[in-house]
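K.L.:
Structure incoming, see below.
The values are calculated or read from the model by the stated rules, or taken from the named source; none is laboratory data. Keep in mind that this is a model prediction, so the values were computed, not measured. We place every Cβ from the backbone using ideal geometry, glycine too, and count neighbours over all the protein chains shown. Ligands, DNA and RNA are stripped out before the accessible areas are found, and what is left, the full protein with its side chains, is counted by its heavy atoms. Shrake-Rupley method; radii C 1.70, N 1.55, O 1.52, S 1.80 Å.
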Amino acid sequence: MLQLKKIKKSYKTGDFIQHALKGIDLEFRKNEFVAILGPSGSGKTTLLNIIGGLDRYDSGDLIINGKSTKKFKQSDWDAYRNNSIGFIFQSYNLISHISVLENVEMGMTLSGMNAKKRHKKALELLKKVGLKEHAHKKPNQLSGGQMQRVAIARALANDPDIILADEPTGALDTKTSTQIMELITEIAKDKLVIMVTHNPELANVYANRIVEFRDGELIDDSNPLDSDKEENTYNIKKTSMNYLTALKLSFNNIKTKKGRTLITAFASSIGIIGIALILSLSNGFKLQIDKFEKDTLSQAPIIISKQSMDMQQMTNIVQEDDYLIEYPTDEVIHPQKTVETMIHINKITKEYMDKIRSIDSNKIGGIAFQRATNLNLITKINGKTKQLGQNISIVPTPSTLDNKQARVVKDNFEVIYGELTEKKEDLVLLVDSKNRVSESLLKELGFEQENINFKDIVGKEFKLILNNDYYKKIGEFYTVNTDLEKLYESNNVITLKISAIMRGKEGSDFAKMSGSGLMYNNSLTDYIIEKNNQSDIVKSQKEKDYNILTTSPFKNDDEKETMLSYLGAETSPIMISIYPSDFDSKDEILKVLDDYNEGKSDEDKIIYIDEAKLITTMSGNIMDAITIVLIAFSAISLVVSSIMIGIITYISVLERTKEIGILRALGARKKDITRVFNAETFIIGLTSGTLGLLIAKILTFPANRIIEKLTELKDVAKLNPKHALILLIISILLTVIGGFIPAKIAAKKDPVEALRTE
Ligand code: ADP
Ligand code: MG
């Protein structure tokens, strides 16, 4: 069943070569109790280790069930140890941090037996060695004899064919020794037991074959066996420790050093705390910026004006300046781009207007079209008729496309007097937060006193004169009708009146930006243009290439167009302000506008200005930069803790060397050992990550207090759950990486040496 052929083994220490086995030929029966006697240092342990697959022979062959082991791979040896061999050591070699029961189960665990089955088996074995009631104790709560019984139970767990016992009674008193020998004899009934002993009496009483060793040589064999041909019946199941076992083993080990683990975890969590805090702050600030943007800036209009700055050109020019740092050596002159080249004339075509009208009106909170059309307004002040000067600014109120009252107005302003209507004849006076209106506007309206009552202003009437009444034809030219009295009473005039006073709502930043002034409905200009476009003066002007009022000839087409707009011919607005209804709508509106530019030449492109975006991208970018710098600093502490974990794991490897040896003796693969230590670092990483996040979470409370005191912003620091998860994973990864090399070192440990350590 087991055959040694000229097995040689020597150890080299420095220049000295110790021949521990000098060519051993020995054959064992399937079922016998062999005692190996010999003085210390004669090679007995070496022989057992080689038979048990813990150590490798230098030359010769070990034949198991007819199969040569010369070509055995590491995994074959591991499986062989696990399936066929049960070891019993002089010093018991139990794993101290797991229970007696779990020690007995370990070999079965490694061979992949399910929990219920191995549990039952382990209890049976413990009953057999008389320790059933001690199953849940830790090994160090037992006496020496009891520990050796546990070791015997463990050796029997996988029903091995061979039991190898190395001086199993060496550390026990005579009485206990006898009991252990009885037990071993009992199990030897159907197995091959090879026992090394110092004690010839014990050997004589219990063994049925005695083999004697001296100086690495076999000198006597009481019952030798003639080699008989054996069939190759070797067949063995490979072992594998699953991750859960590795975790459990490490978890139990960690439990025995809670304090140290916790301190380690805390120390390595500092990096995580730092990064988590920085992330919560930057995340919080970003949320605040977003909120600010959503609340206020999204209401800032997208402005399309006839003359626009080409931002792209501008940055190009600035960048060009930056890059031309070297003094030129060639004799070439370059044309320099000037500010004029940055001015882009937006050709607001009918197609563009249609595009704007095609935008879903739900996306638009308000829209205002400003026209160059002159409003011919006259009013009566103290009984005297007076034309209103051009210096009063009168702007369109934002309306939605279908002319319902604009959301942007409702959200940001309130009517403090009068009534806001949608009639084209009704004007609105917008006052600022202190009820102020510019002095010049009031003067123009005929109010020169210090305080003007709301009721005096609301109801104030104006007459809007259409072109056909306002301009008189004189020959080829036109002139303004100066008979204001008559015009005021004319039937064709439109009577406008101030119907309401509006003021920004408290807290509306948008209203603050709006200032004060007189506002009209979009429908008013629509109406005027419709009428004036048909007027005689417009018709005449269209045909002439000179200014029909001043008689001076036009220098170019632009001049003529400007004049026509002034007279109210249907031309495009000079400025369009689109107020998105909310944050998301804005993107959709911009998409439509960008869509228009798609494929157009630079000249025909329409450039819009999105101020909100300019502001927020800037502040967002600054936040990002600061965050990255701070995270980089904290990351250093993460690396440091990763190295620390490496050292701690290495210490743990040193401490658990014996355990590594035991596990290997029970058939654990190198991989399994790596797993055990990776599991340990995994647990530390998980603990430190969780701890770090927890502490960071707690720290956000005082941090928010301080921020609130400084900036009046509430609940700024907020940890994004996604960030938390990423940090946890990073923490685990870094610790596992830190512990990886020590875990590899652990796996490489020679099991024989590992077992020898104390
Ligand atoms: P025994 O168990 O019979 O007392 P061993 O098999 O342990 O003897 O040792 C046989 C010889 O090999 C001894 O001289 C011992 O010093 C030597 N030896 C055993 N293991 C090693 C080792 N790892 N390195 C060097 N020498 C060793
Ligand atoms: Mg020995």
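K.L.:
With a cut-off of at least 2 residues that are under 26 Å from Val205 (Cβ atoms), within 16 Å of ligand 2 (Cβ to nearest atom) and open to solvent by less than 30 Å² (accessible area, probe 1.4 Å), name the strands (runs of 3 or more DSSP E) lying wholly within the stretch 1-62.
P.N.:
Per the criteria, 32-37.
K.L.:
Can you pull out every residue in the stretch 661-676 that is in contact with a Leu (Cβ under 9 Å, 6 or more places away or on another chain) and either open to solvent by less than 20 Å² (accessible area, probe 1.4 Å) or of a type in the set (Asp, Glu) (or both)?
P.N.:
Gly661, Ile662, Leu663, Arg664, Ala665, Gly667, Ala668, Asp672, Ile673, Val676
K.L.:
Of the residues Ile457, Ile416, Ile394, only one is within 29 Å of Arg357 (Cβ to Cβ) and open to solvent by less than 90 Å² (accessible area, probe 1.4 Å); which?
P.N.:
Sole residue among the options that is within 29 Å of Arg357 (Cβ to Cβ) and open to solvent by less than 90 Å² (accessible area, probe 1.4 Å): Ile394.
K.L.:
For the stretch 535-551, enumerate the residues that are out of contact with any Ser or Thr (no Cβ under 9 Å at 6 or more places or on another chain) and surrounded by 15 or more Cβ atoms within 10 Å (Cβ to Cβ).
P.N.:
Hits for the stretch 535-551 are Ser535, Ile537, Val538, Ser540, Gln541, Lys544, Asn547.
A quick yes/no check of all residues on (1) out of contact with any Cys (no Cβ under 7 Å at 6 or more places or on another chain); (2) polar (S, T, N, Q); (3) open to solvent by less than 30 Å² (accessible area, probe 1.4 Å):
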residue	(1), (2), (3)
Ile64	yes, no, yes
Lys73	yes, no, no
Arg81	yes, no, yes
Ser96	yes, yes, no
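K.L.:
Can I ask one more? Do we have any residue at all in the stretch 602-625 that's surrounded by fewer than 20 Cβ atoms within 10 Å (Cβ to Cβ), assigned by TED's automatic domain parsing to the domain that holds Ala743 and closer than 30 Å to Gly738 by Cα?
P.N.:
Yes: the stretch 602-625 contains one or more residues that are surrounded by fewer than 20 Cβ atoms within 10 Å (Cβ to Cβ), assigned by TED's automatic domain parsing to the domain that holds Ala743 and closer than 30 Å to Gly738 by Cα.
K.L.:
With the checklist (1) part of a loop (DSSP other than H, G, I, E, B); (2) under 21 Å from Gly389 (Cα atoms) in hand, flag the one item Ile528 doesn't pass.
P.N.:
(1)
K.L.:
Another question, then. What is the number of the single condition among (1) open to solvent by less than 20 Å² (accessible area, probe 1.4 Å); (2) in contact (Cβ under 8 Å) with a residue 60 or more places away in the chain that Ala122 does not meet?
P.N.:
(2)
K.L.:
Anything in the stretch 585-608 that is of a type in the set (A, V, I, L, M) and part of a loop (DSSP other than H, G, I, E, B)? List them, or say none.
P.N.:
First pass over the stretch 585-608, keeping only residues of a type in the set (A, V, I, L, M): 589-590, 592-593, 606-607.
Of everything in the stretch 585-608, those that are of a type in the set (A, V, I, L, M) and part of a loop (DSSP other than H, G, I, E, B) turn out to be Ile606, Ile607.
K.L.:
Then there is this: Please work out if Gly504 is open to solvent by 10 Å² or more (accessible area, probe 1.4 Å) and at positive phi. Steps first, please.
P.N.:
Values: open to solvent by 10 Å² or more (accessible area, probe 1.4 Å): yes; at positive phi: no.
The answer is no for Gly504.
Matching residues to (1) more than 16 Å from ligand 2 (Cβ to nearest atom); (2) closer than 20 Å to Val100 by Cβ:
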position: Ala122; (1), (2): yes, yes
position: His134; (1), (2): yes, yes
position: Gln141; (1), (2): yes, yes
position: Asp173; (1), (2): yes, no
position: Met195; (1), (2): no, no
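K.L.:
If you go through the stretch 214-228 one residue at a time, do you hit one that is in contact with a helix residue (DSSP H, G or I) (Cβ under 9 Å, 6 or more places away or on another chain) and in a helix (DSSP H, G or I)?
P.N.:
Scanning the stretch 214-228, I find no residue that is in contact with a helix residue (DSSP H, G or I) (Cβ under 9 Å, 6 or more places away or on another chain) and in a helix (DSSP H, G or I), so the answer is no.
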